[in-house]
Amino acid sequence: MSTNEVKAFGTEAAEAPLKNLDIQRREVTPHDIQIEILYCGICHSDLHAVRDEWGGTKYPIVPGHEIVGRVTVVGDHVQKFKIGDLAGVGCIVDSCRECEYCKEGEEQFCENGNTIVFNSPDKKHGGITYGGFSENIVVDENYAVHFPETLDLASAAPILCAGITVYSPFKHWNVGPGKKVGIIGIGGLGHIAIKIAKAMGGEVTVFTTSISKADDAKRLGADEVVLSTNREQMKAQSKFDLILDSVSANHDVNAFLRILKVDGALVLVGLPVEQLPVGAFSLVHGRKSFSGSNIGGIRETQEVLDFCAAHHITADIELIRVNQINEAFDRLQKGDVKYRFVVDMASLKN
Ligand code: NAP
Ligand code: ZN
Ligand code: ZN
């Protein structure tokens, strides 16, 4: 298959900074669209992957999985998009389409292994996938979503990972009026989780280790803010139906299991490198669940975008240029972002 050379920003080693790279994108096949990338968010998963914290990263890697842009080419059989449409691409760019989960629209759980937007072997077209820190991307139309024209494109890009990752468990665990929801960590996922949980009607308490973020948490919509390092404040907590844990590093989950209601659930979305010890007594008293959730399927990604458009929800972002990505990764490592970095991909060209 012939290819197109495309400018990108990535790295050839875990220790090396990201730099300009030339990558090959496939030619547009009949069900593909080509998207000129306008903005791409930076998720902590990009950082875990670039630095090979989870193991298994193949180099060179071009990260980026909160991709929004305009369709510039459509394949002969494309039905969902036309040239000029806005389109979004998140984590998943292909899956088997035949297993139980793909049929249910939960491609994130594809039994035969889905293809992730970067660093994933491309079973159909060969090679390894490259993500959104690039000029354009070629993707099967079924794995792209319509991006609402009414949202600010840069600040809405993070809905494609951060948004869906918190929306999906909120739906699954029925967040709504009368539900007491906790959110741990005010980062990219946590800050948008506050907005989405409130829009769903939940009563929201935020747990943070950063006292400097307390005022922001209220501004973002939280009903209550708790400093999770303060024992007295933690002890005073009453019972939660659901606590969403978005922490990217090792931490004590037992402290949060303790403050769940009977039948309450602590749901991990954060992906710390180290294992998290769970005490049996934290779970059995109160029939509690320790659970997890992984992004969301394509249909639900469209749903969360439409939900955010209806409720005027976008991320609070710092818009940066491509040549600021390395600095942004260093700041993300320190929790120093309010609250999502988004890259203006036009800056790759000049
Ligand atoms: P982020 O912006 O860096 O936010 C993480 C937040 O966790 C920080 O802002 C901080 O909040 C808190 N935190 C960091 N280190 C901590 C520590 N040592 N102890 C306690 N709290 C700490 O990251 P993100 O982009 O939101 O991603 C969060 C995690 O979710 C990452 O591990 C990422 O890989 C994962 N993720 C998972 C999925 C999925 O599908 N499951 C999807 C996307 C991302 P405070 O300052 O408020 O304490
Ligand atoms: Zn992500
Ligand atoms: Zn499947």
Against the condition over 30 Å from Ala13 (Cα atoms), open to solvent by 20 Å² or more (accessible area, probe 1.4 Å) and free of Cβ contacts under 8 Å to residues at least 40 places away in the same chain, how does Arg287 come out, does it pass? yes
Condition met for Ile37 (within 22 Å of Asp344 (Cα to Cα) and either in a loop (DSSP other than H, G, I, E, B) or not assigned by TED's automatic domain parsing to the domain that holds Val342 (or both)): no
Near pairs, Cβ below 9 angstrom, 6+ apart or cross-chain, from segment 209-222 (at positive phi) to any residue that is part of a helix (DSSP H, G or I) and of a type in the set (Val, Ile, Thr): Gly221/Ile194
Using the structure shown, decide if Ser134 is more than 30 Å from Lys349 (Cα to Cα) and polar (S, T, N, Q). no
From the set of residues in segment 72-102 that are open to solvent by less than 10 Å² (accessible area, probe 1.4 Å) and of a type in the set (A, V, I, L, M), which is nearest to ligand 1 (Cβ to nearest atom)? Ile92
Unmet criterion (only one of (1) away from ligand 3 (no atom under 16 Å from the Cβ); (2) closer than 20 Å to Gly296 by Cβ; (3) open to solvent by less than 10 Å² (accessible area, probe 1.4 Å)) for Phe118: (3)
Residues of segment 187-215 being assigned to a loop (DSSP other than H, G, I, E, B) and small (Gly, Ala, Ser), in sequence order, are Gly187, Gly201, Gly202, Ser210
Before we move on, is Lys179 within 16 Å of ligand 1 (Cβ to nearest atom), open to solvent by 20 Å² or more (accessible area, probe 1.4 Å) and either among the basic types (Lys, Arg) or within 24 Å of Gln333 (Cβ to Cβ) (or both)? no
Can you give me the number of residues within segment 216-258 that are surrounded by fewer than 17 Cβ atoms within 10 Å (Cβ to Cβ), acidic (Asp, Glu) and at pLDDT 95 or above? 3
All-but-one check, Asp22 against (1) away from ligand 2 (no atom under 16 Å from the Cβ); (2) in contact (Cβ under 8 Å) with a residue 24 or more places away in the chain; (3) of a type in the set (D, E, K, R), failing number (2)
Of the conditions (1) over 20 Å from Ser155 (Cα atoms); (2) crowded, with 20+ Cβ neighbours inside 10 Å, the single one that Val262 does not satisfy is (2)
Which one of these does Lys7 not meet: (1) more than 23 Å from the chain's Cα centre (by Cα); (2) of a type in the set (Lys, Arg); (3) surrounded by fewer than 13 Cβ atoms within 10 Å (Cβ to Cβ)? (3)
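The values are calculated or read from the model by the stated rules, or taken from the named source; none is laboratory data. Everything quoted here is computed from the prediction, not taken from an experiment. Ideal geometry is used to build each Cβ from the backbone, glycine not excepted, and the neighbour counts take in all protein chains shown. For the accessible areas, the whole protein counts, side chains as well, though only heavy atoms, and no ligand, DNA or RNA atoms are used. Shrake-Rupley method; radii C 1.70, N 1.55, O 1.52, S 1.80 Å.
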